[in-house]
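J.: What follows is a single structure, and I will ask about it in a moment.
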C-alpha cells in the first residue's frame, strides 16, 4: 500500500459513524497495527536520541524526538550489538526501522534495525567516542610515553609479511642502517581478524622480549582499511606494552588510535625507517664531535705540558744566567788583576832600571869611560890603589874604557901624585 | 644472536666520560694518551658497528605458545613485487 492509498482510506473511516460501525479497542488497535505496520516498514527516521537506556536483556530503549514530536524506539539486542559507536542522549541519528504497534499498551514504536549518526559516519563517531574515552583514561598521556632507544639494534615489526610496509622499511634500513636486525611478526592488517591479531602480536613481542623497539605499521589505505588500528584492543595492547612502540600507519592524513597511544608515531612506514637512519646519522655525528673533542683535549694536554716545560726551562735558565754573570765578574776581576799586575810589573821594572842606572853609574867601568883607567898588579890582578904597593920592574895591567895594556914599572914615586 | 649487542648508549656515555676526564686536565701525560687512545678506539668500534652490513631479518612465529624464528625471505618480497 502506498502513502497515496493511505490518505484515501482515512475519509472512509471518518464516514463510517453514519453506518454506526463500532470497533472494539482490540479491533481498532488491530486495524491501526495493520495500517501502520504495512505503511511504515523499512523507513528512515531522523531525530535526536533521548532517554536512552539498555535493559538487562540487551535491548536498547530510547526516544527519537525533534522540536514538536516524540517517537518511542527500541533496538533489539542483535541490532544493538552491531553498531560501532555508542548511543547516547542528544545524539542526532538516522534510523532505519519499522513502526510497530504494541497493542497491550496501545503504543506505537519504531523498531530500529540500523542506526547511523547524522552528519558524520558511524565509524568516525565511534572513533571520536573511543578516543574521548581513552583520552579520559589517560592512554594518550605524554607522561606515559617511553623514550625510544638511542638507536634500535633489534627491531620488532608487526605488519603483514606481504605488505608494502615491510618492503619499504627493509629497503630503507638495508641502505641506511644495515646493522639493525629485524624480527617480523606477520599479521592481517585489515579485516575482521586484524585487530585481534595485532593486539596478540604486541603481547607476543612483550613475551619474546629480545627487541628494543617495536614498530606497528601498515601502508596507506582507506580509513576502513586502517580501522583495525583504531580498535580498542589494539590501543590497550600498545598502552600496556613495556617495550617502546612506534606506530606508522597509513598516509599522512590518517591518525589512528594506535598512533595516539604509541610512544611515538610517524605518518608512514617509510618515515619510521627513516627515523632509525636519522638516529644512526645522529650517532655518527656525535661520534665525529667526540673525536674532535678528544683531539682538542689531547692537544690541550700537550700544549699545557709544553708551556709547563717552557716555564721550567725558564726557571732553570736563571741560575745559569747568574752563573754566567759570576763568570763575567770573574773575568772582569781577572782582567783587572792582570792589569794591576802589569802595572806592578811596569812600576817595578822602572825602579829596576833606575837602580841599574845608578848601579851602572857607580861601576868603575863607567869611570873609565870618563878617561880614568884601572891598574892591577900582575899576575895577581889586585887593584893598585897606592904606589907603595908596587916596586920598580913590576908588571901591571891597565884597563882602559876600551881595551887594556900590560906595562912594566920604570920608577915609583911615593910622595907625589 | 651472538652478535655483540651492548647498547650505543653505554658506549657514548663512556666516551663522554673519557672526554670529560681529559678536559679536567688532571691526568699525567701517559694517562691522557691512554684515555685518548681508548676514546679513539671506542669511536672506531662504534662507527664500524653502525656501518656493519650484517643484519638478519627473521620471521617470528608462535605455535602452541612456543616461539620460533625462521629466516625472512627478502628475495621473495622483491619477487612478489614484480
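Throughout, read-outs are computed from the coordinates displayed, never taken from laboratory work. From a predicted model like this one, the values you see are computed outputs, not experimental measurements. Methodologically, a virtual Cβ is constructed for each residue, glycine included, from the backbone with ideal geometry; neighbour enumeration extends over all protein chains shown.
J.: Please arrange A:231, B:70 by how many other C-beta atoms lie within 10 Å of their C-beta, fewest to most. Could the numbers behind the result be given before it?
T.: Working: A:231 21, B:70 9.
The most exposed by this proxy come first: B:70, A:231.
J.: I would also like to ask the following. Using mean Cβ contacts within 10 Å as the protection proxy, how do A:270-283, A:97-110 order, highest first? Before the final figure, lay out each step's value.
T.: Working: A:270-283: 19.3, A:97-110: 15.4.
Peptide ranking by packing, descending: A:270-283, A:97-110.
J.: Between the range A:66-139 and the range A:213-246, what is the separation of their alpha carbon centroids in Å?
T.: Taking the Cα centre of each part, the range A:66-139 and the range A:213-246 sit 28 Å apart.
J.: Note down the nm distance, to one decimal, between modelled labels 7 Å out along Cα→Cβ at residue A:102 and at residue A:22.
T.: Going from the residue A:102 label point to the residue A:22 one covers 3.0 nm.
J.: Separate question: Normalised by the number of residues in chain A, what is the relative contact order in percent for Cα pairs under 8 Å and 6+ residues apart?
T.: Across chain A, relative contact order equals 8 percent.
J.: While we're here: Taking only Cα atoms and a 10 Å spring cutoff, compute GNM fluctuations for chain A and point out the largest among A:168, A:259, A:346.
T.: Per the Cα network of chain A with a 10 Å cutoff, A:346 tops the list.
J.: Another question, if that's okay. Which FRET efficiency, nearest 0.05, do residue B:59 and residue A:94 yield, Cβ-Cβ r, R0 41 Å?
T.: In this case the efficiency is close to 0.35.
J.: If you don't mind, another one. Provide a whole-number value for the mean count of partner chain Cβ atoms within 10 Å of the Cβ atoms in peptide B:36-44. List each step's numbers first, then the result.
T.: Values: counts 7, 2, 1, 7, 5, 0, 4, 8, 2.
Per residue, the average neighbour count from other chains is 4.
J.: Using the 10 angstrom Cβ neighbour count as an exposure proxy, how do A:409, A:189 rank, fewest first?
T.: Ordered by Cβ neighbours within 10 Å, fewest first: A:409, A:189.
J.: If you fit an axis through the alpha-carbon atoms of helix A:122-137 and take the longest principal axis of the Cα set of chain A, what angle between them do you get, 0 to 90°, nearest 10?
T.: In chain A, helix A:122-137 runs at an angle near 50 degrees to the longest axis.
J.: Please compute, for peptide A:209-216, the average count of beta-carbon atoms on other protein chains lying within 10 Å of each residue's beta-carbon.
T.: Neighbouring Cβ atoms belonging to other protein chains average 1 per residue here.
J.: By count of other Cβ within 10 Å, fewest leading, how are B:46, A:95 ordered?
T.: B:46, A:95
J.: For peptide B:22-31, compute the average count of partner chain beta-carbon atoms within 10 Å of each residue's beta-carbon.
T.: 3
J.: Right, next: Given R₀ = 60 Å, FRET efficiency for residue A:67-residue A:146 by Cβ-Cβ distance, to 0.05?
T.: Efficiency computed from Cβ-Cβ geometry: 0.70.
J.: Using Cα pairs under 8 angstrom and six or more residues apart, how large is the relative contact order of the range A:177-299, in percent?
T.: Contact order relative to length: 22 percent.
J.: Rounded to the nearest Å, what's the spacing between the alpha carbon centres of the range A:394-414 and the range B:24-69? Just the number, please.
T.: Rounded to whole Å, the Cα centres lie 132 Å apart.
J.: Rounded to the nearest 0.05, what FRET efficiency do residue A:132 and residue A:111 give with R0 = 45 Å and r taken as the Cβ-Cβ distance? Could you check?
T.: 0.95
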